[in-house]
Amino acid sequence: LALGLAASPANAERIKDLASVQGVRQNQLIGYGLVVGLDGSGDQTTQTPFTVQSIVNMLSNLGITLPPGTSLQLKNVAAVMVTASLPPFARSGQQIDVTVSSMGNAKSLRGGTLIATPLKGADGQVYALAQGNLIVGGAGVSANGSKVQINHLSVGRISGGATVERAVPMQMGEGEFVFLELNATD
């Protein structure tokens, strides 16, 4: 009988499958940036003045000043919002994925490159810096007045497209106890 009990395997669940540590969570990051290198599918700058203003500001930061009254008619640039989730315990130098979404009237972000964009947390501090080539999961074709589109062409992702610049301070492990929150209350 003792031999039979000793041979049966022990079943155990991992704590992380049943519960999470109280206060440990992801943090949402957001930033505003520009996608360049679009093949004529970017914002119509006459209808999106914030895109033109962003381009002028970016060029000014790079030491390029445009003559007053210059009218930019760019079709290869789009203003975008960049979002990411900063995982708990993320450290400086770690790579995270980002989602890039068009703010203006760009037809497609396919083939575009996101210019360096700081990503801020709810406290206004910069926690990551995003940049890179977009991957757009949609497809679109038009010919002879007909148009077919699958998924969104105005949203793309950059896998590992942001580098964490600052870790979120955590209070875990400083007290006498660690509190767990069950995933299911049974």
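The values are calculated or read from the model by the stated rules, or taken from the named source; none is laboratory data. Keep in mind it's a predicted model, so treat the numbers as computed, not measured. Methodologically, a virtual Cβ is constructed for each residue, glycine included, from the backbone with ideal geometry; neighbour enumeration extends over all protein chains shown. What goes into the accessible areas is simple: the full protein's heavy atoms, side chains included, and nothing from ligands, DNA or RNA. Shrake-Rupley method; radii C 1.70, N 1.55, O 1.52, S 1.80 Å.
Mean residue ellipticity at 222 nm from the helices of the chain, using -39,500 (n - 2.57) per DSSP H segment of n ≥ 4 over the full residue count, to the nearest 500 deg cm²/dmol?
-3000 deg cm²/dmol
Give me the accessible area per residue for the stretch 40-79, probe 1.4 Å, as a whole number in Å².
I get 63 Å² per residue for the stretch 40-79.
Dipole of the stretch 33-186, Cα-centred, from +1 at each Lys and Arg C-beta and -1 at each Asp and Glu C-beta, to the nearest 20 debye?
My answer is approximately 780 debye.
Could you check which residue among Leu29, Leu62, Leu109 shows the biggest mean-square fluctuation in a GNM of the chain with a 10 Å Cα cutoff?
Leu62
For Val164, what charge total do you get from the other residues with a beta carbon under 14 Å from its beta carbon, if Lys and Arg give +1 and Asp and Glu give -1?
+1
So for the pair Leu59, Ser159, with labels modelled 7 Å out along Cα→Cβ, what separation do we get in nm?
3.6 nm
Calculate the translational D of the chain in whole µm² s⁻¹ from Stokes-Einstein, where the hydrodynamic radius comes from the Kirkwood formula applied to all Cα pairs, the temperature is 4 °C and the viscosity 1.567 mPa s.
65 µm²/s
Compute the distance from the alpha-carbon center of the stretch 43-73 to that of the stretch 80-146, in whole Å.
If you average the Cα positions of each part, the centres end up 21 Å apart.
Could you sort Asp17, Asp43 by their accessible area in this structure, using a 1.4 Å probe and putting the largest first?
Asp17, Asp43
Using a 1.4 Å probe on the protein chains only, how many percent of the accessible area of the chain belongs to carbon and sulfur?
Ligands and nucleic acids excluded, carbon and sulfur give 55 percent.
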